[in-house]
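The values are calculated or read from the model by the stated rules, or taken from the named source; none is laboratory data. Model, not experiment: these values are computed from the prediction. Backbone-built Cβ (ideal geometry, glycine too); neighbour counts: all protein chains shown.
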């Protein structure tokens with residue numbers, strides 16, 4: 001039986017399966033290129049961070065993302081440059097849009113548009129089930145549908161996702177928890193337009209890797225990793241639930257990263273640990289290792 005709902009501005013109503021229809025449209029058709037701008041507003045402990053960015057995306061891992069300070073992420077297949085701690089683009093071996101988005105989450109469109117043709121919200125144990133009727137709306141001048149999505153077991157609050165009516169692309173997400181909130185939305189976009197291939201090469205000087213900084217960065221990564229292990233020990237039951245109900249390791253890592261507020265890299269390191277390392281004995285070892293690293297870093 002085909003149930004219908006009446007959405008805002010629709011005289012006849014839409015099928016409840018509109019969510020699946022739009023997701024399927026995005027996976028089957030999606031877009032061949034996307035050129036546009038976005039904004040994000042994040043509130044943490046009452047402090048508001050606002051950012052804007054421009055982007056160009058094409059299949060074949062081709063990305064160009066810039067903000068008010070210059071280029072953030074340039075990628076052409078396996079060749080990747082990401083803005084580093086010194087404020088300039090640096091070559092990153094094995095870099096990806098996902099790693100760039102983890103480092104520059106407030107300005108990177110990966111959370112919204114992913115890769116052209118990818119499924120969004122595909123994990124049946126993550127945000128996937130509409131909790132209310134879709135509402136017709138407009139984002140970046142494009143007709144769209146806003147969905148309130150039920151949270152999975154590992155999360156408390158629902159997520160609002162707005163999908164483009166013509167392509168199925170995600171144009172806006174809004175989430176909140178414990179007074180904190182995050183909004184990211186496309187403010188202007190053109191799909192399926194011609195793009196100069198040179199767009200996916202750096203237009204600014206590229207900085208050579210700073211090996212002293214890399215050594216310091218490795219210590220910082222180790223610090224974050226051991227701090228992540230300790231957080232994981234405090235959330236062992238939630239971790240087990242995520243592992244049991246996630247479709248694959250990548251999805252599990254994304255959920256762990258959000259649960260523990262750690263990077264995707266740290267989340268993957270946590271999932272790689274054998275279960276016996278989450279006993280009280282190892283907690284003390286983690287504390288000692290973390291203390292030693294912090295002493296070296298002076299933090």
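Residues in segment 250-299 that are over 20 Å from residue 97 (Cβ atoms) and not in a helix (DSSP H, G or I): 7 in all. Looking at 200, 226, just one residue is farther than 23 Å from residue 20 by Cα, touching a strand residue (DSSP E or B) at 6+ places or on another chain (Cβ under 7 Å), buried (at least 17 other Cβ atoms within 10 Å of the Cβ) and not assigned by TED's automatic domain parsing to the domain that holds residue 107, and that residue is 200. Within segment 238-249, the set of residues being assigned to a loop (DSSP other than H, G, I, E, B) and surrounded by fewer than 21 Cβ atoms within 10 Å (Cβ to Cβ) comprises 247, 248. Screening residue 228 with (1) touching a helix residue (DSSP H, G or I) at 6+ places or on another chain (Cβ under 8 Å); (2) closer than 29 Å to residue 88 by Cβ; (3) touching a residue at least 60 places away in the same chain (Cβ under 8 Å) gives one miss only, at (3). So which residues in segment 1-42 are in a strand (DSSP E or B), out of contact with any helix residue (DSSP H, G or I) (no Cβ under 8 Å at 6 or more places or on another chain) and modelled with pLDDT under 90, if there are any at all? Correct list: 4, 5, 14.
Residue-by-condition table, conditions (1) part of a loop (DSSP other than H, G, I, E, B); (2) surrounded by fewer than 19 Cβ atoms within 10 Å (Cβ to Cβ); (3) outside the structural domain of residue 263 (by TED's automatic domain parsing); (4) at pLDDT below 90:
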residue: 107; (1), (2), (3), (4): yes, no, yes, no
residue: 132; (1), (2), (3), (4): yes, yes, yes, yes
residue: 138; (1), (2), (3), (4): no, yes, yes, no
residue: 146; (1), (2), (3), (4): no, no, yes, no
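Candidates in segment 158-181 are the residues that are under 17 Å from the mean Cα position of the chain (by Cα) and not in a strand (DSSP E or B); of these, the one that is surrounded by the fewest Cβ atoms within 10 Å (Cβ to Cβ) is 158. Examine segment 183-202 for a residue that is free of Cβ contacts under 8 Å to residues at least 24 places away in the same chain and outside any helix (DSSP H, G or I), and state whether such a residue exists. Yes, segment 183-202 contains at least one residue that is free of Cβ contacts under 8 Å to residues at least 24 places away in the same chain and outside any helix (DSSP H, G or I).
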